[in-house]
Amino acid sequence: MGQKAERILFVTSFFPVAAFKIIARVGEATWGQARVAVVVGFIMTLVQYLGARRILKYNTYLEVAFLVFLLAGTVWVYALPENLARIFVDDSVALLYFTLFLMTLLPQIFGYDPFTYAVAKKWYPESVWGTPDFCLLNHRITYAWSGIFLACFFSSYLGRGKPLYSILIPFVFCIGIGVVFSKRYPDFYLKRKYRVRPQAAAGVPATAEKLIEGMPGVFDPKAAGDLQAEIQFDVSGEGGGKWVVSIAGGNCEVRKGEAAAPVLTIETPADVWIKVARGEIDRPKAFMQGLYRAKGDMEFLMRLPQLFGKPRE
């Protein structure tokens, strides 16, 4: 019910703006007709906003943007003289793009969740939401969308509302650039940051037991510094078991069993962890897809390639 309601409300969030444009332009397109249209659009947006709040217990930035846009439009067309008020109706598409530009830019500047979180949190498991890479990727993708919406604003405004400049070109920007970038950039970023060198992959043991028990051999004391921590491995499947990797005083030791208070706990199938070590599966991508799980300090999880990046003998 939750996901179905989200999809329905996402589609219906566009209805008020569409209704405003249709009512304002149908027939003789009188000024009185335009004033009615903006009020109807605002009321529909308010109903959408309150409905989403009641059903989903939250509102998306898109709903907030449409509500702000039509509320501002209602005040605009009734408070200003007709010659100034007509600007809102004539340039409404350009102003809508500008509203979306502000809605993607301002929240994250002031420390709120980025515009893309609502979608990203449906693509990736909750366990990754607090990781530095997840946050960084969403901020960068949101800034990209800010640039796209600003480009759409200029296209529509300079094109004087003609369909080519207000609909077709912005559609190309949003789908051809925005959607493609949102889908491909995370893989590009993660592969580049966490790529495994071929020579390192060649030395990875064939079993999870040998891999984990061999971690002291690839431990880098310089990367660890004065770090003191314990990592709990809970490995399932063939060759699985429980191991504790202890780091202290520039040394690394491994023992079987369980740690009393590990900084990080990794739960993984044996074959997945071997593939991750070999670079056959991207470590953060596998995590984000739920192929293995981690609990505890997520920043520490992201440090593992540096802590255990010394070439194998």
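Annotations for the structure displayed:
- Considering (1) in contact (Cβ under 8 Å) with a residue 40 or more places away in the chain; (2) in contact with a Pro (Cβ under 9 Å, 6 or more places away or on another chain), the lone condition that A224 does not fulfil carries the number (2).
- Of the residues G225, G159, G239, the single one that is of a type in the set (G, A, S) and at pLDDT 90 or above is G159.
- Among residues of segment 266-286 that are closer than 23 Å to E230 by Cα and at pLDDT 85 or above, those with a beta-carbon under 6 Å from a residue that is of a type in the set (K, R) and in a strand (DSSP E or B) at least six positions away or on a different chain give the pairs E267/R293.
- Within segment 273-306, being over 24 Å from the mean Cα position of the chain (by Cα) and more than 21 Å from Y189 (Cβ to Cβ) holds for W273, I274.
- Qualifying residue in segment 98-116 (condition: small (G, A, S), within 17 Å of the chain's Cα centre (by Cα), within 20 Å of S182 (Cβ to Cβ) and not assigned by TED's automatic domain parsing to the domain that holds V26): no
- Residue in segment 137-151 that is over 20 Å from K183 (Cα atoms) and touching a residue at least 24 places away in the same chain (Cβ under 8 Å) present: yes
Residues checked against (1) under 25 Å from the mean Cα position of the chain (by Cα); (2) closer than 28 Å to G290 by Cβ:
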{"position": "P170", "(1), (2)": "yes, no"}
{"position": "V179", "(1), (2)": "yes, yes"}
{"position": "G217", "(1), (2)": "no, no"}
{"position": "E267", "(1), (2)": "yes, yes"}
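- The strands (runs of 3 or more DSSP E) found entirely in segment 197-313 that carry 2 or more residues being over 26 Å from P132 (Cα atoms) are 241-248, 251-256.
- The selection criterion, being modelled with pLDDT under 90 and either buried (at least 18 other Cβ atoms within 10 Å of the Cβ) or charged (D, E, K, R) (or both), does not hold for E253.
- Scan of segment 1-42 for residues that are hydrophobic (A, V, I, L, M, F, W, C), farther than 18 Å from L67 by Cβ and outside any helix (DSSP H, G or I), ordered by number: M1, V26, A29
- Filter result for R54 (under 29 Å from A120 (Cα atoms) and either among the hydroxyl-bearing types (S, T, Y) or surrounded by fewer than 17 Cβ atoms within 10 Å (Cβ to Cβ) (or both)): yes
- Look at segment 71-91: where a residue is more than 20 Å from Q48 (Cβ to Cβ) and a partner is of a type in the set (K, R), sitting 6+ places away or on another chain with Cβ atoms under 7 Å, you get V77/R35; Y78/R35.
- Considering residues of segment 24-43 that are among the aliphatic types (A, V, I, L, M) and buried (at least 20 other Cβ atoms within 10 Å of the Cβ) only, the residue modelled with the lowest pLDDT: A24
- Residue within segment 189-200 that is under 32 Å from the mean Cα position of the chain (by Cα), without any contact (Cβ under 8 Å) to a residue 40 or more places away in the chain, closer than 30 Å to V93 by Cα and surrounded by fewer than 14 Cβ atoms within 10 Å (Cβ to Cβ) present: no
- Condition met for D282 (among the charged types (D, E, K, R), in contact with a Lys or Arg (Cβ under 9 Å, 6 or more places away or on another chain) and crowded, with 17+ Cβ neighbours inside 10 Å): yes
- Scope segment 75-127; condition among the aromatic types (F, W, Y) and surrounded by 15 or more Cβ atoms within 10 Å (Cβ to Cβ); matching residues: W76, F88, Y97, F98, F101, F115, Y117, Y124
The values are calculated or read from the model by the stated rules, or taken from the named source; none is laboratory data. Just so we're clear, the structure is a prediction, and the values are computed from it rather than from any experiment. We place every Cβ from the backbone using ideal geometry, glycine too, and count neighbours over all the protein chains shown.
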